Amino acid sequence: MQYNLIEPSIYMPTSLADALGFKEQHPDTTVYAGGTYLLWNQASRLLLLPKSILSLQNIKELNRLGRTETRLDVGAMVSFQRILRAGPKVLSPLLVSALECVCPPSVATMATLGGNLSVPDRCMASFPVMHVLDARCEIKSSKRTRWVPVTGLRSPTGELQLEPIELITRIQIPMEEWNFYIHRRIGSFSYGITADSLIMVIVGKTYRGMLTEFRFALGNFTSRIYRNRDLETLLIGTRLPIGKSKDLKAFLYALQEDLQTQKFLSSHAQLDRVLYILQSTLANPFQYSA
Ligand SMILES: Cc1cc2nc3c(=O)[nH]c(=O)nc-3n(C[C@H](O)[C@H](O)[C@H](O)COP(=O)(O)OP(=O)(O)OC[C@H]3O[C@@H](n4cnc5c(N)ncnc54)[C@H](O)[C@@H]3O)c2cc1C
């Protein structure tokens, strides 16, 4: 992205219709949500801003947060802090853990979920959990509205599937009951992006001592996340605890091969850590029950 020192032109509409109309006419304008990614890593005293900015800050429609029995509805401009303030009665423990890991608390007052999912060149910290939970985004332009699952928000090669005239306006997160879940942030630092930053999400359902659903994703802040649904199905129907069963060994072996082929992880230590967490979780998922 190119920033310059000329005074930027900033448009701050108060309605979504105006924002979409402006985006239609100025597809190259930079959308500004909380600004925490756009301005991240700027060390100089003067901020370098894009030439033309569309600020979503004053749009009430994008600031709504609601919960039904089956889902959480998050307006694209709702900050992480506000989502987290909804508390454990509204959020699942997995969501609390995942959203707390996105950015430092001081940044979470401004940073938004819409902004986190819209970063063009990287799948940021919320991406793996939104992928695994089957969250979907409402995407609008002045002419149409479409719903896209987070799983379809990126092309297989990692490009964000958002037209220049479109905005993410809302995120719907299904609130399913999971019998066990893990969300881990692995790496040298709790926040930020380094070569060893990794996010790992595991969720599963059990019924009468059997694994009936299992999902697993890794995010390393590149433009793609790691998820292999064929591998996920390998363990479905296995009796619990899986312990040292052949099924678990076969799954871990296939996963190791696939991760190495795809060169998704940055080191052997990282691979060992991922395999260890998966093995200990699946060996006895009840210790991680919701
Ligand atoms: C100290 C610090 C540490 C951080 N650590 C992390 C971290 O560990 N993990 C992490 O994921 N992030 C981290 N961040 C980055 C940032 O806080 C988050 O990614 C945040 O969620 C971005 O949201 P935002 O509202 O600030 O987006 P913005 O910065 O406003 O926008 C991000 C991008 O999305 C586009 N955009 C925003 N909203 C929309 C929309 N509704 N529709 C279409 N396009 C849109 C913008 O044009 C821009 O390209 C960190 C930031 C700081 C300052």
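For the chain, taking Cα atoms only, Rg and Dmax work out to 20.0, 65 Å respectively.
In region 189-286, the convex hull through the Cα atoms has an average projected area of 6.4 nm², a quarter of its surface area. Projecting the Cα atoms of Gly21, Val201, Ala43 onto the charge dipole of the chain, computed from C-beta unit charges around the Cα centre, puts Val201 farthest toward the positive end.
Would you calculate, for the chain, the mean residue ellipticity at 222 nm contributed by helices, counting each DSSP H stretch of 4 or more residues as -39,500 (n - 2.57) and dividing by all residues, to the nearest 500?
Roughly -7500 deg cm²/dmol at 222 nm, from the helical runs in the chain.
Summarising the label geometry, the points placed 7 Å from Cα in the beta-carbon direction at Lys246 and Met12 lie 6.7 nm from one another.
Projection of the Cα convex hull of region 9-55, averaged over all directions and equal to a quarter of that hull's surface, yields 3.5 nm².
Beta carbons within 10 angstrom, averaged per residue: use that to sort the peptides 125-134, 100-109, highest first. Let's see the in-between values first.
Details: 125-134: 23.8, 100-109: 16.6.
Those peptides, ordered most packed to least, come out 125-134, 100-109.
Ranked by the mean number of other Cβ atoms within 10 Å of their residues, highest first, the peptides 77-84, 61-68 come out as 77-84, 61-68. Annotation: lysines with alpha-carbon distance below 28 angstrom to Lys249 (same-chain offsets under eight excluded): Lys205, Lys263. Cross-link partners among lysines for Lys23, C-alpha distance below 22 Å, same-chain residues fewer than 8 apart left out? Filter leaves Lys51, Lys60, Lys140, Lys143. Near Leu235, within a Cβ-to-Cβ distance under 13 Å, what is the net charge of the other residues, with Lys and Arg +1 and Asp and Glu -1? Taking every Cβ under 13 Å from that of Leu235, the sum is +2. For Ile199, Ile139, the sequence from fewest to most other C-beta atoms within 10 Å is Ile139, Ile199.
What's the magnitude of the charge dipole for the chain around its Cα centre, counting Lys and Arg as +1 and Asp and Glu as -1 at the beta-carbon? Answer in Debye, nearest 20.
Approximately 500 debye in magnitude.
Here region 64-124 is treated as a sphere whose radius is the Kirkwood value from Cα pairs; by Stokes-Einstein at 20 °C and 1.002 mPa s it diffuses with a coefficient of 179 µm²/s. Using 0.36 nm per residue and subtracting the Cα-Cα separation, the extra length available between Ile193 and Lys263 on full extension is 23.4 nm. For region 172-278, the set of GluC sites (Glu not before Pro) satisfying both a DSSP loop assignment and a count of at most 15 other C-beta atoms within 10 Å is given as Glu176, Glu177. May I ask for the net charge around Tyr191, where only other residues with Cβ less than 15 Å from the Cβ of Tyr191 are counted and Lys, Arg are +1 while Asp, Glu are -1? Computed value for this residue: +1.
Throughout, read-outs are computed from the coordinates displayed, never taken from laboratory work. Remember, predicted model here, so these are calculated numbers, not experimental data. Glycine also receives a Cβ, built like all others from the backbone with ideal geometry; neighbour counts cover every protein chain displayed.
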